[in-house]
Every structure is written in C-alpha cells, then in structure tokens.
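The structure appears below as structure tokens.
The values are calculated or read from the model by the stated rules, or taken from the named source; none is laboratory data. Source: prediction; values computed, not measured. We place every Cβ from the backbone using ideal geometry, glycine too, and count neighbours over all the protein chains shown.
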Amino acid sequence: MYSEDFTADEMVVVCMAREIKDHDVLAQGIATPLVTNAYLLAKKTHAPNCTPMFHMGNTYVLETHPVSLLYFEKYVNTWAIRFQHSGEVTMEHLPSGRVNIEYFRPAQIDMYGNFNNTCIGEWHSPKVRLPGAAGIPEVSITYKKILLYVPRHDRRCFVPKIDFVSGVGFLDGKTTREEMGFPGKGPYHIITDLAVLGFDDKTKRMKVISLHPGVTREEIQGKTGFELIIPKDVPTTEPPTKEQIRVIREEIDPLGIRLLEFLPAEERDELFDRIIEIETSR
Amino acid sequence: MADKLVSLSEAVGLIKNGDLLGIGGMSLYRRPMTLSREIIRRGIKDLGILSFIAGLPSDMLIGSHCASRIRSCYVGFEMFGLAPNYRRAAENGALEIIEETEVTIVLGLKATLLQVPHLPTRGIRCTDVMKVRKDLKEYTCPLSGEKLVALPPIKPDISIIHVSMADRMGNAHIDGAVWLDEDLAKASGKVIISAEKIVETEEIIRTPSRANIPHFMVDAVVRAPFGAHPTSCFPFYTYDAKHIRKYLEVSNSDNGFSEYLNTYVYQTKTHEEYLDQVGASTLSKILL
C-alpha cells in the first residue's frame, strides 16, 4: 500500500533506507538526522539485523529509539553494545570494510562524483569556510561503495567544477579511478529530493536512475550545473509505503528533527525553538 | 603519589604562549570549557590547536586571539551551524589552517607514540588535501610497490581534557564515549584534567573500565562541576542548546562575540562566578 501524502524529506529517507540490506553495518556522520532516520527506518522494517554505529559515541547500538536533538547522546551511550575509540574506527573498522554503509552529504559534487566538504572558493582565501572533510579523504578511497545524499538538489551543489576535492569519485571519468588501484569502487548512488542518481558504467558520468513522483526531466536538468544522462525510459521512483511513512512519523522522528537538515538555514530557527522547547519540557 | 589537584589558574599556568594545545572531547560533547575560558582570561597567545572534531573551545580561542593556527578535520556546531569565529578568521586569512583528516590526526598521534617518522595510509591520494599539505608525501611501498601517503607525527605540547571523575593523583575516568582522548593524553607533553567530581582512587577502581588516563600521564587536576558547559558531559548533563544557539547568533559579529566574552569569561573571574552567571535554573534543565 503506497502512501499518498508523503513529503520530500520522507521520500529521501525512504530511498536512503532502501540502500541498506539486512546485516549491513552502518556508520553515521556528523549532523545527519536524515541518515539517522534512514538507518532506524531500515532497522525497524526490512533490515532488522543491521547494526548502526552512531558518531556521537562511536557506539554500535541495537536498540532503536526516536531521533532526539538534545538526548541522542544519552541514547547512544546508554544503549551501546560497544564503545570504540576514534582511532579504532578510523584505522580499523572503516578501512577494513567491516562498516559497509555510510552516507555523505556533499556541499558540491561534479559529474564524476568527486565531492567537496571543505570550502567554497579558493582554499587559501575561501568565500565560505565549511566545517571540513573529517574522514572523507580516506574513506572515499577505501569504502567498497560510497553513498551520497543531497537534501536540496540545486546548482549550488551540482556544479561543473568543485572548489576542493575532499572526496574522490571517478576522478576524470572512464577508467581514471580504476587505474589508481584504490580498494574502493567509488560512488554508487546519490539520493536527492528529486531523484536517485548513479553513474554510467563506461563513462562514469552521473545519470538518473529514477525520478521521484512528479519530477520532470526538465526540472532535474535545470537544477543541475552539468549535463545529466537521463535515459529515455527513466522510471519513476517507487513511492514510500503507508507503513514506512507511519514508522517515520510516529516512531522514529515525531518531532521532525530531520527537517533541520532539509530546510534552508533561514527557515530553521522556528523549528529549533519548537524542538528544544518540547524536549526540555519532557 | 603526588597530589596534583590545583587551582584553575595554577593548572592553566602550565600552558605557554605558542604551545600546540590538544583539546579533548568531540564536537558538542565533553569539551574542556572551564579550562578554555581560563586560557582566554589569562590571554595566552599564539596557541596552535589540535582538535579531532573541533567546536566551541576552538571557536572561542580563535575569536579571542589566543590561537593563531589550527589542526583539525572538522570545525563546526553540527546541526546548529558553522563555527562563526573560525569562519571569519579563515575567510579573512587571519588563521593558519593545517588541513587534517581523521586519519592524519589518528596516525599522526600514533606515529608520535611509536617514535617513527611517518605512518602510511592508502587514502587521501588524489584529494586536494595533498595540495595544501606539502608535508604529506606520496611514496612507493618498498614491500608491495603500492603508492601510499606518508603521514608525519603530531605531538601536542599540552592537552586539556574534561572527564567525569578523577582522583587527586590524576587517575581520570571517562563515562561513555572516549573518542581520541586516551591517544591525545598519551602523545602530549603535558596533560591538564578537569573533572566533574574528585573521588577517592577506590571509586575509580570500582568502575568497570577504570582509569582511561592513568595518573603518570597527568600534570594537573582541576575540580570543575559543569566544567563542560555549555557542551555536554555524559552521564550528568546534555548540552545547553539554547546557550549554544545564542552563542552562534551573537558571534556573527566581532562586537557580539566581545560582549559574549565579557559576560561569560572576563566578568566571571572564577568558574563559580561563571556558573552563577549561567544560573541554577538553566543548569537544572540540562541535567540528564
């Protein structure tokens, strides 16, 4: 039974959850409530044996718990089956492939899936200094597959040329990545509010795998700063089921914390105040 | 055994101008805020910062001109936003940034402990980190013939770490996530611990994981209840989201940040005065 009243953020969460298989081990990065939503949705529905690792404690957690702005650290610490030191995560579990799923949200991405989380403009005198790439320069090379997501698909993110290569995609396309002999195979899927994207087998150029319901070829091309490969018979993304939407709204994220990642900065203030008020008064 | 429990100003007196300062905790969690505020009060200059996932202490030390360079792989406030003073300094060219990644920091500290000139990684090649870090070198592995990147050692002169409890000798115990703090303590020339509680050694022995940082690595211990405020300290309190939001709002300008410093650092001469300024009702709301 497909849902008929889902929103764009929920479509993104459901598409991200679909990439997760039962028994996967999942790493979560900093400031990513959409990822938390997706992992918890997968665990509560089709992948009950997956094991999320949350960045707040570097903890593996099997219990599920609603997403929280103020108390998520308490949850990941209280219910941890294991704490890990950052060194153990960085040197062992990520490069070894034990952790096999992680989502990254690029500030900029090019047609070959190279991406930037470091700065907008020139590095020495940036227009915007972003937080930084954390583990991306390493794991974009070592992860078997890279998963990316972009909450707002637009020309600010999908650019002809990125300002800083923080994460390695398919370099200059074709076999250029393969020739480097990296252990990882490169970017696999990009989930956005408009589509699921992937890469052409031969050229390694970005291509549309499916368009979300109601999104046209013209719209997605118009919001992308380079030419996308859009197959003639491009399918429509399978909508969320009624059950998936119910689980997101009632069990995982009733406060809508995922929207903090989805809304533009200027619209977040009110939501922040509301979430903090509700959580503090509990 | 030496008693290392000292006053806040005595402890921070160990930090010298120009030191590379390691900062414990991560992001919005268990940051040594009481120690950081005292560094600002004392006007220590030209610090380098080493922080794995950096946040409030780094942003305040940069904004108050105590730090002029930073080694980090992430500086920000998670969902709450970008780091305002860090951003301003980086965009105005007023800060030396040594662009790190998780692995350059983790293996840099390990190389210090192993006393080797480098440790290798398969990552980072083909990223622009290689362009802005001339001290990272690509080389061919003498055993396998593979291309690797050599990462140099990182040695902090002194580190500040906030913990849940410590005894007077400096045996320091961390509840919950440890992140990189044990490695930081091991690799640092000196270590200052601030602790929510000062306890008898027996109490540390009774905890399942005991002392994460043993006394012989520690040079000074300071008692600082709520010493991570406005960041969190599990299992005692979560972060003060309203305070952090306010900080980010006012710190969007140099003037606003100066006012924040006046209210919460310069006009509160001691940690106790800081807690009074924050207020008991605010502190009671963040208790876990």
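The single condition among (1) touching a Gly at 6+ places or on another chain (Cβ under 7 Å); (2) assigned to a loop (DSSP other than H, G, I, E, B) that B:GLY145 does not meet is (1). How many residues does the range B:206-246 hold that are under 13 Å from B:SER194 (Cβ atoms), among the β-branched types (Val, Ile, Thr) and out of contact with any Leu (no Cβ under 6 Å at 6 or more places or on another chain)? Final tally of qualifying residues: 2. Filtering B:LEU28, B:LEU50, B:LEU35 for residues that are in contact with a Lys or Arg (Cβ under 7 Å, 6 or more places away or on another chain), modelled with pLDDT of 95 or more and aliphatic (A, V, I, L, M) leaves a single hit, B:LEU50. Check the range A:85-101 and report whether any residue there is crowded, with 24+ Cβ neighbours inside 10 Å and away from chain B (no Cβ under 11 Å). Checked the range A:85-101: at least one residue is crowded, with 24+ Cβ neighbours inside 10 Å and away from chain B (no Cβ under 11 Å).
The number of residues in the range A:240-275 that are crowded, with 17+ Cβ neighbours inside 10 Å, more than 18 Å from A:PHE72 (Cα to Cα) and within 19 Å of the chain's Cα centre (by Cα) comes to 5.
Taking strands (runs of 3 or more DSSP E) as the structural unit, those lying wholly within the range B:1-100 and holding at least 3 residues that are over 14 Å from the mean Cα position of the chain (by Cα) correspond to B:96-99.
Residues in the range B:133-153 that are loosely packed, with under 12 Cβ neighbours inside 10 Å, over 15 Å from B:GLU99 (Cβ atoms) and away from chain A (no Cβ under 11 Å): B:THR140, B:CYS141, B:PRO142, B:LEU143.
When B:ALA241, B:ALA177 are checked against the criterion of being buried (at least 20 other Cβ atoms within 10 Å of the Cβ), among the small types (Gly, Ala, Ser) and in contact with a strand residue (DSSP E or B) (Cβ under 7 Å, 6 or more places away or on another chain), a single residue qualifies: B:ALA177. A residue that is under 30 Å from A:PHE182 (Cβ atoms), surrounded by fewer than 19 Cβ atoms within 10 Å (Cβ to Cβ), away from every other protein chain (no Cβ under 13 Å) and in contact with a His (Cβ under 9 Å, 6 or more places away or on another chain) cannot be found anywhere in the range B:210-217. Number of residues in the range B:95-132 that are more than 7 Å from chain A (Cβ to nearest Cβ) and of a type in the set (Ser, Thr, Tyr) equals 2. Sort out which residues of the range A:204-223 are closer than 24 Å to A:THR175 by Cβ, in contact with a strand residue (DSSP E or B) (Cβ under 8 Å, 6 or more places away or on another chain) and assigned to a loop (DSSP other than H, G, I, E, B), and write them in order of number. Matches in the range A:204-223: A:ARG205 only. None of B:THR121, B:THR127 is at negative phi, surrounded by 24 or more Cβ atoms within 10 Å (Cβ to Cβ) and free of Cβ contacts under 8 Å to residues at least 12 places away in the same chain except B:THR127.
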